Amino acid sequence: MSQSIELWKNNLLGNYGVPPVAFSRGKGARVWDEEGKEYLDFASGIAVLSLGHAHPHWLKRVCTQAEKLSHCSNLFANENAPRVAERINRHMGGGKMFFCNSGAEANECLLKISRLWGRSRANGEEGKIFKVVVCENAFHGRLFGTMAATPQEKIQNGFRPLLPGITVAKLNDIESFRTAIDDETAAVLLEPVQGESGLTPTTPEFLRALRELCDKRKVLLMCDEIQCGIGRTGKLFGFEHAGIVPDCFSMAKGLGGGFPIGAVWMRDELAALFHAGSHGTTFGGNPMACAAALAVLETLDEENLISHVAEASGAWRERLAQLVKDFPEILVEVRGIGFMSGLKFREAPAPWIAKFREAGLLTVGAGNNVVRLLPPLNASVEELNESVEILRKALSA
Ligand SMILES: *Cc1c(COP(=O)(O)O)cnc(C)c1O
């Protein structure tokens, strides 16, 4: 066991178990552990490293920002936060942005938007319209509100009582949402592509019907784009595959390309429900985090990475499908979409994840026996092919 892991084990909370390796550096889609072993990094820090490791433009923005101004709080403005917000707002054709520090925190903001929306619908009365409908197997985070919105025993166990007012409906089943929404419902919250529970995309027909249903019932449609957003599915946001626009949505993971940041976009009518002092966080919109996010958004455009994901993922997923055909006794199907793809195994895949790692490929487990492959959005066709070859070799051994 490396010295870092020994120290980790002795000093950090055991909530992640004992990590198998400690990494010391990365470049592009490659990462090296403390012993100097090289890996193809298709874990990307769980869909975070949009540009891979140490992208020159990201480095330049983050390092020059560190020299100029690292933090100033929201008592004052900085040059990066409004530029990131302006880019997203321009893409959305209006609206306002709120910055925070993580995915769960961004979803907490969505939950707070739903409360303000419910109060305004109830003519200013609190506690009348407050329910939020979420999907079976959803993952929205581990803070108190988001944990309640994550209807999974392994997440909620030990922490009850939870935030009240969360109802559960079935993904891709509009009738189930029709039943779940009642006169006390303020909002629906869902992932356009479920990540943690095993890479399940919503169908465009379902999302469009849900948009219509929400409009009819005056219920907010809130999307969690934390994992599927920022180009990972071959569109900037996952909901774009259905051609719908949510009332508000959260971002995090891929937005900072390795720098912690969370964010929420909301349409102007919802932004108007907030006033000075009604929400906030000290680190939100931090100039360094926003320098990183700005570098990610600029590079997505500059290097045409979103069309790269859309184009390159087709052939890559065909190769993954060939693996499923060649190893039917181990694999069930290819799951997900774009660079948010994966393989479903017949049995719990933890031993395979370890074998792939030993063979030099980092992957991430997910629910439902799925192994996620989350390449950086600038992974080359050669790197994508290499991942399939490593998988093939490990599966054959
Ligand atoms: C990771 C994730 C979250 C939680 O984000 P944290 O930054 O870990 O708090 C919420 N929703 C989805 C869809 C995620 O993938």
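The values are calculated or read from the model by the stated rules, or taken from the named source; none is laboratory data. Because the structure is predicted, anything quoted here is derived from the model rather than measured. Every residue, glycine among them, receives a Cβ derived from its backbone with ideal geometry; neighbour counts consider all protein chains shown. Each accessible area value is taken on the protein alone, full model and side chains, heavy atoms only, with ligands, DNA and RNA left out. Shrake-Rupley method; radii C 1.70, N 1.55, O 1.52, S 1.80 Å.
Within region 9-65, the set of residues being within 16 Å of Glu303 (Cβ to Cβ), touching a Ser or Thr at 6+ places or on another chain (Cβ under 8 Å) and surrounded by fewer than 17 Cβ atoms within 10 Å (Cβ to Cβ) comprises His57 only. Within region 249-269, how many residues turn out to be surrounded by fewer than 24 Cβ atoms within 10 Å (Cβ to Cβ) and either aromatic (Phe, Trp, Tyr) or at pLDDT below 95 (or both)? Looking only at that region, the number is 1.
Within region 121-140, the set of residues being in contact with a helix residue (DSSP H, G or I) (Cβ under 9 Å, 6 or more places away or on another chain) and over 16 Å from Pro151 (Cβ atoms) comprises Glu125, Glu126, Gly127, Lys128, Ile129, Phe130.
Criterion applied to Ala310, Ala397, Ala350 was being small (Gly, Ala, Ser), in contact (Cβ under 8 Å) with a residue 60 or more places away in the chain and open to solvent by 50 Å² or more (accessible area, probe 1.4 Å), and the one residue passing it is Ala310.
Which residue out of Lys27, Lys9 is of a type in the set (Lys, Arg) and either in a loop (DSSP other than H, G, I, E, B) or in contact with a Gly (Cβ under 9 Å, 6 or more places away or on another chain) (or both)? I'd like the intermediate steps shown before the answer.
Working: Lys9 fails: either in a loop (DSSP other than H, G, I, E, B) or in contact with a Gly (Cβ under 9 Å, 6 or more places away or on another chain) (or both).
Result: Lys27 is the single residue among Lys27, Lys9 that is of a type in the set (Lys, Arg) and either in a loop (DSSP other than H, G, I, E, B) or in contact with a Gly (Cβ under 9 Å, 6 or more places away or on another chain) (or both).
Per this entry, Gly118 is counted among residues that are small (Gly, Ala, Ser), out of contact with any helix residue (DSSP H, G or I) (no Cβ under 9 Å at 6 or more places or on another chain) and surrounded by 24 or more Cβ atoms within 10 Å (Cβ to Cβ).
Can you tell me which of Asn385, Asn368 is part of a loop (DSSP other than H, G, I, E, B), open to solvent by 20 Å² or more (accessible area, probe 1.4 Å) and at pLDDT 95 or above?
On the way: Asn385 fails: part of a loop (DSSP other than H, G, I, E, B).
That would be Asn368, the only listed residue that is part of a loop (DSSP other than H, G, I, E, B), open to solvent by 20 Å² or more (accessible area, probe 1.4 Å) and at pLDDT 95 or above.
Cβ-Cβ distances below 6 Å connect the following pairs, each with a first residue in region 2-23 that is within 25 Å of Gly360 (Cβ to Cβ), a second residue that is of a type in the set (S, T, N, Q) and at pLDDT 95 or above, and a separation of six or more residues or different chains: Ala22/Ser4. Every condition in (1) within 25 Å of Ser341 (Cβ to Cβ); (2) under 23 Å from the mean Cα position of the chain (by Cα) holds for Asp33 except the one numbered (2). Screening Gly338 on (1) within 30 Å of Ala242 (Cβ to Cβ); (2) open to solvent by less than 10 Å² (accessible area, probe 1.4 Å); (3) without any contact (Cβ under 8 Å) to a residue 40 or more places away in the chain; (4) touching a helix residue (DSSP H, G or I) at 6+ places or on another chain (Cβ under 6 Å) shows it passes everything except condition (3).
Inspection of region 271-288 finds no residue satisfying the criterion of being modelled with pLDDT of 95 or more, under 15 Å from the mean Cα position of the chain (by Cα) and of a type in the set (Ser, Thr, Tyr). Residues that are hydrophobic (A, V, I, L, M, F, W, C) and in a helix (DSSP H, G or I) within region 53-88 comprise Trp58, Leu59, Val62, Cys63, Ala66, Ala81, Val84, Ala85, Ile88, listed in sequence order.
Examine region 99-106 for a residue that is within 16 Å of the ligand (Cβ to nearest atom), surrounded by 13 or more Cβ atoms within 10 Å (Cβ to Cβ) and assigned to a strand (DSSP E or B), and state whether such a residue exists. Steps first, please.
At the first step, the residues of region 99-106 found to be within 16 Å of the ligand (Cβ to nearest atom) are 99-106.
Pick out the ones that are also surrounded by 13 or more Cβ atoms within 10 Å (Cβ to Cβ) and you get 99-106.
Filter again for assigned to a strand (DSSP E or B), leaving 99-100.
Within region 99-106 (the criterion being within 16 Å of the ligand (Cβ to nearest atom), surrounded by 13 or more Cβ atoms within 10 Å (Cβ to Cβ) and assigned to a strand (DSSP E or B)), the answer is yes, since at least one residue qualifies.
Can you pull out the residues in region 117-147 that are of a type in the set (Gly, Ala, Ser), away from the ligand (no atom under 14 Å from the Cβ) and closer than 15 Å to Leu189 by Cα? Give the derivation first.
Pass one, region 117-147, residues of a type in the set (Gly, Ala, Ser): 118, 120, 122, 124, 127, 138, 141, 145.
If we keep only those that are away from the ligand (no atom under 14 Å from the Cβ) too, we end up with 118, 120, 122, 124, 127.
Gly118 - this is the single residue of region 117-147 that is of a type in the set (Gly, Ala, Ser), away from the ligand (no atom under 14 Å from the Cβ) and closer than 15 Å to Leu189 by Cα.
All conditions but one from (1) among the basic types (Lys, Arg); (2) touching a strand residue (DSSP E or B) at 6+ places or on another chain (Cβ under 7 Å); (3) more than 12 Å from the ligand (Cβ to nearest atom) apply to Arg208; the one that does not is (2). Among the residues making up region 236-260, those that are among the aliphatic types (A, V, I, L, M) and in contact with a strand residue (DSSP E or B) (Cβ under 7 Å, 6 or more places away or on another chain) are Met251, Ala252, Leu255. Scanning region 74-83 for residues that are among the polar types (S, T, N, Q), in the same structural domain as Phe283 (by TED's automatic domain parsing), more than 16 Å from the ligand (Cβ to nearest atom) and without any contact (Cβ under 8 Å) to a residue 24 or more places away in the chain turns up nothing.
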